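Worksheet for the structure shown next.
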Amino acid sequence: MKKRVCLLTFLILSVFFNLNAQDKVLLTIDDEKITKAEFERIYKKNNSGQSVENKSIEEYLDLFINFKLKVFEAEKRGLDTTQAFIKELSGYKKQLAKPYFVDEKVEESLLKEAYERLKTDVHAAHILVKVAPDALAADTLAAWQKIEKAKKEIESGKSFEEVAKKYSEDPSSESGGDLGYFTAFRMVYDFENVAYNTKPGQVSNIFRSQFGYHIIKVIETRPSMGEVKVAHIMLSVPQNATKEEEQKVIDKINEIYQELQKGADFAQMAKEYSIDKQSSTKGGELPWFKSGNMGMVPEFETASFALQKPGDISKPVRTKYFWHIIKLLEKKDIGTYEQLKTDIKSRISKDARAQKSKAAVIERLKNEYKIKEDLKTVADFYKVVDKSVFAGEWKAEAAAKLNKVMFSLGDTSLTQSQFAKFIESKQGRKEQEIKDFVDERYKQFVDNTVTKYEEDRLEKKYDDFRFLMKEYHDGILLFELTDQMVWSKAVKDSVGLAAFYEKNKNNYMWDERADATVYYCKDAETKKAVQELLKKKAKKGYTNEDIMKMINGEGDITNENKKLRIENGIYLKGENRAVDHFAWNLFPEDEISKAIKREYIYEGKMIKPSVKTLDEAKGLVTADYQEFLEKEWIAQLRAKYKISVDKEVLKTVE
């Protein structure tokens with residue numbers, strides 16, 4: 001027993017001393033203390049995979065001190081108190097907090113549910129009667145009555161297709177509500193749930209989504225077809241085409257198909273005949289797509305997935321306005337759960353189902369912080385809230401006499417007056433029972449309060465979150481002050497930039513250059529004619545443009561197919577092969593002639609190395625000036641603040 005107690009005591013002390021070691025102060029800037037733990041965390045984050053040596057740690061510490069000095073100076077200047085800074089950091093905090101409002105069990109359940117659904121394609125039709133989420137009660141009732149009437153007609157024996165054409169307000173009504181095949185994430189979550197929980201051949205009950213009321217008929221299901229990548233040749237059929245016009249297109253698509261059967265190159269035929277200009281330049285190639293991605297073109301999708309082997313070509317396929325010939329380029333199956341997990345997780349985070357995970361976290365937090373509610377205080381609002389709230393005219397003053405505590409959460413209590421202000425800020429257009437409206441807003445009020453309460457405590461609860469917020473805090477300050485002191489200053493300070501250039505201009509030199517003109521002649525006869533004109537050039541005052549016109553005639557003098565083309569300019573070594581040959585003898589002349597398949601004449605003179613003007617070297621000078629300003633600024637900060645490093649603590653950095 002004594003041994004167990006001693007061992008336990010030793011372990012506790014080991015943890016205690018280890019924590020103390022991490023909390024030891026490594027660096028002090030004036031009165032601000034920076035611990036070994038903070039430095040070590042950032043050092044490891046930026047040097048992962050590298051061996052740790054004393055020299056490299058000391059070098060990194062030097063950079064770390066410069067970083068901390070800038071942040072310290074920014075805080076001294078009050079940059080962390082500006083509205084712009086507070087707003088930007090608050091925005092980052094909300095984004096960084098999102099992972100902490102994910103319930104792992106719920107998320108895992110949603111991940112597996114989505115994966116299982118991705119393994120199956122659903123072919124369904126639907127009827128939609130539109131009604132906005134915040135519609136007035138009269139509009140909601142009218143929509144309900146219409147969808148209910150449609151449901152009764154289906155139940156009486158009328159075909160779903162016929163009823164969809166009559167009642168549905170979705171574009172798919174033209175085809176009897178047929179949506180083709182789809183899989184998970186292709187429809188809103190409410191719709192997806194009903195579709196995957198309705199058996200083939202059955203019609204769902206009426207349900208509501210953000211778009212309105214729906215009825216779904218599941219036609220059939222099939223195992224997922226995976227993904228395909230195809231190329232196509234597309235010909236259009238004129239709207240309201242006559243039989244003769246339609247037949248012309250059919251004859252042409254069949255002619256192309258026959259040529260392909262004889263071995264014609266598909267990509268070349270697509271470039272020549274396809275009217276889909278976006279894909280024809282790439283040989284008809286389309287991006288990868290899954291079942292349901294082709295929207296309202298189920299015929300194209302069906303034909304694409306029916307192709308078995310890469311290289312297989314479909315017979316001509318008719319869609320609503322086009323004829324296609326499709327070639328399978330690649331095909332792949334859905335993939336394993338582990339392969340898709342990251343992608344599914346990302347899609348869930350942007351999908352309505354993410355709210356299920358957050359709701360579970362909020363319920364857990366309510367228990368953790370021991371929320372105590374007085375629901376009688378909610379009922380008080382049934383009497384003071386009236387229909388003016390649906391016109392956005394209700395005021396919190398109407399609840400001025402209500403001041404009881406509605407609920408407590410941890411060390412915080414929320415009152416009726418706070419809820420009244422919340423209602424005033426969250427009024428709605430959807431006319432409903434006052435009780436239902438108040439209850440909905442109360443739930444939002446509680447959920448928002450719990451979320452905010454937790455967000456405010458994340459830095460205390462989680463070290464990773466605290467460190468991350470510190471990084472963003474310091475990073476924003478560093479960027480803002482460095483921009484003021486270095487980046488923007490170097491751009492705006494034209495006097496300082498010019499003075500820096502004058503002092504350092506010998507660092508910005510041109511290498512030896514050639515001031516050259518090259519006359520590219522189509523053949524030896526043209527070359528001879530140009531040489532004759534060049535002899536007279538100075539005496540006659542000819543310009544190069546004059547010579548071009550005399551050799552090529554009037555018209556497009558820049559066209560490379562003409563007899564003569566002229567290039568002139570100041571060239572560095574390596575910028576022009578002909579100049580490289582004559583100025584620096586880098587290439588044999590016959591090699592140049594072969595490459596360009598033209599005769600040429602060269603005129604030029606060498607320019608000795610010279611200093612670039614400020615305009616010519618502006619980019620380099622500005623970059624160097626920024627580096628100079630930063631070094632100067634760091635020197636000033638190091639002189640301004642007292643810096644102390646505990647060498648003994650530094651030796652323990654791992």
### Query
Out of segment 284-323, which residues are farther than 16 Å from G180 by Cβ and either in contact with a helix residue (DSSP H, G or I) (Cβ under 8 Å, 6 or more places away or on another chain) or among the acidic types (D, E) (or both)?
G284, E285, L286, D312, I313, S314, K315, P316, W323
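Each row is one residue, and each column tells you yes or no for (1) assigned to a loop (DSSP other than H, G, I, E, B); (2) touching a residue at least 24 places away in the same chain (Cβ under 8 Å); (3) over 26 Å from Q210 (Cα atoms).
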residue	(1), (2), (3)
D351	yes, yes, no
S357	no, yes, no
A360	no, yes, no
N367	no, no, yes
T377	no, yes, yes
Y382	no, yes, yes
S388	no, no, no
W394	yes, yes, no
E397	no, no, yes
### Task
Would you check if there is a residue in segment 129-142 being within 30 Å of F182 (Cα to Cα), modelled with pLDDT of 95 or more and touching a strand residue (DSSP E or B) at 6+ places or on another chain (Cβ under 7 Å)?
yes
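Take the residues in segment 519-552 that are charged (D, E, K, R) and not in a helix (DSSP H, G or I); name whichever of them is nearest to R565 (Cα to Cα). Please lay out each step first, then the result.
Looking only at segment 519-552, we keep the residues that are charged (D, E, K, R), and these are 522-523, 525, 527-528, 532, 535-537, 539-540, 545-546, 549.
Going one step further and asking which of them are not in a helix (DSSP H, G or I), we end up with 522-523.
On the way: K522: 9, D523: 12 Å.
Among them, the one singled out is K522.
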### Task
Go over the candidates F419, F445, F467, F437 one by one and state the one that is in contact with a helix residue (DSSP H, G or I) (Cβ under 8 Å, 6 or more places away or on another chain), closer than 30 Å to Y100 by Cβ, at pLDDT below 95 and not assigned by TED's automatic domain parsing to the domain that holds A143.
F467
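Among I65, I86, which is surrounded by fewer than 16 Cβ atoms within 10 Å (Cβ to Cβ), on the phi < 0 side of the Ramachandran plot and not assigned by TED's automatic domain parsing to the domain that holds I215? Reasoning before the result, please.
Working: I65 fails: surrounded by fewer than 16 Cβ atoms within 10 Å (Cβ to Cβ).
Every option except I86 fails the conditions.
From the list Q427, Q355, exactly one residue is at pLDDT below 95, surrounded by fewer than 16 Cβ atoms within 10 Å (Cβ to Cβ) and within 37 Å of the chain's Cα centre (by Cα). Which is it? Steps first, please.
Working: Q427 fails: surrounded by fewer than 16 Cβ atoms within 10 Å (Cβ to Cβ).
Checking each option against the conditions leaves just Q355.
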### Task
Would you mind stating whether A538 is in contact with a Gly (Cβ under 6 Å, 6 or more places away or on another chain), aliphatic (A, V, I, L, M) and over 30 Å from L89 (Cβ atoms)?
no
### Task
Check I362 against each of (1) in the same structural domain as D436 (by TED's automatic domain parsing); (2) out of contact with any Leu (no Cβ under 9 Å at 6 or more places or on another chain) and name the one condition it does not meet.
(1)
### Task
Within segment 98-149, work out how many residues are in a strand (DSSP E or B) and of a type in the set (D, E, K, R).
2
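The values are calculated or read from the model by the stated rules, or taken from the named source; none is laboratory data. No experiment lies behind these values; they were computed from the predicted model shown. Using ideal geometry, Cβ is built from the backbone for each residue, glycine included, and neighbour counts are taken over all protein chains shown.
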